[in-house]
Amino acid sequence: MAKFVLFLRGVNVGGVKILMKDLAALLSDAGYSQVKTVLASGNAILEAPHDNASVLREHCEALLAQHYSRAIPCLVFTADEVHELAEDFPVQLPDANHEYHRYLSLCSSQEDAHQLHLAAMALDSVQQTALRGRALCWVSPKGQSLDTPVAKLVAAESRKYLITTRNLNTLVKLSTIIRAQ
């Protein structure tokens, strides 16, 4: 059995609200074990009888599409990928006197993450970013998470790439839960 984390691109997609208890039941009924949803933002830890993240993603997207009668994109990361993303955030906080949020924009491939990082570096902005695996790491002042140049770039690029963004605290929580299981 291999452990994975499923990240839904959105839990309120096109007027369809996905409740975490329903997501857990759907995944459990499909034969996945150790299913645990974390927070209400579309994160689920599960064990699959195989170690193929691509197969798992395709199956979960098909399950979601069948159940909700519409496509609901998702990303699948291995437990090891989640652990790596949760450790040693590579972007320094710009100013210790202000509050910041640390984000990871998760991508479906390393190439997509690389292209997103290149686009972020080309911005006329002082906002720092870093690439880690399939994620773009970035920092935003508290209360401005949707207004920074990088946040606007990620929103625009999500029309081209499969991207979902999570707070570092979410990845740390997921990693902690996986290690405790």
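The values are calculated or read from the model by the stated rules, or taken from the named source; none is laboratory data. Predicted model, so just to flag it, every value in this text is computed and none were measured. Neighbour counts are summed over all protein chains in view; Cβ atoms, including those assigned to glycine, are modelled from backbone coordinates with ideal geometry. For accessibility, only protein heavy atoms count, side chains too; no ligands or nucleic acids. Shrake-Rupley method; radii C 1.70, N 1.55, O 1.52, S 1.80 Å.
Pick from the stretch 131-155 the residues that are part of a helix (DSSP H, G or I) and in contact with a helix residue (DSSP H, G or I) (Cβ under 9 Å, 6 or more places away or on another chain): which of them is farthest from VAL5 (Cα to Cα)? Filtering the stretch 131-155 for residues that are part of a helix (DSSP H, G or I) and in contact with a helix residue (DSSP H, G or I) (Cβ under 9 Å, 6 or more places away or on another chain), the one farthest from VAL5 (Cα to Cα) comes out as PRO149. For the stretch 41-62, what are the residues that are open to solvent by less than 50 Å² (accessible area, probe 1.4 Å), hydrophobic (A, V, I, L, M, F, W, C) and out of contact with any His (no Cβ under 9 Å at 6 or more places or on another chain)? Selection gives ALA44, ILE45, LEU46, ALA53, CYS60. Would you pick out the residues in the stretch 38-56 that are touching a Leu at 6+ places or on another chain (Cβ under 7 Å) and in contact (Cβ under 8 Å) with a residue 40 or more places away in the chain? Once the filter is applied, which keeps residues that are touching a Leu at 6+ places or on another chain (Cβ under 7 Å) and in contact (Cβ under 8 Å) with a residue 40 or more places away in the chain, the stretch 38-56 yields VAL38, GLY42, ASN43, ILE45, LEU46, ALA48. The residue pairs whose first member lies in the stretch 1-25 and is outside any helix (DSSP H, G or I), whose second member is modelled with pLDDT of 90 or more and open to solvent by 60 Å² or more (accessible area, probe 1.4 Å), and whose beta carbons are closer than 7 Å, counting only pairs six or more residues apart or on different chains, are MET1/PRO49; ALA2/ASP51.
Against the numbered list (1) under 21 Å from ILE177 (Cα atoms); (2) out of contact with any Lys or Arg (no Cβ under 9 Å at 6 or more places or on another chain); (3) open to solvent by less than 40 Å² (accessible area, probe 1.4 Å), VAL38 comes up short only at (2). Scanning the stretch 24-42 for residues that are touching a strand residue (DSSP E or B) at 6+ places or on another chain (Cβ under 6 Å) and at negative phi yields a total of 8.
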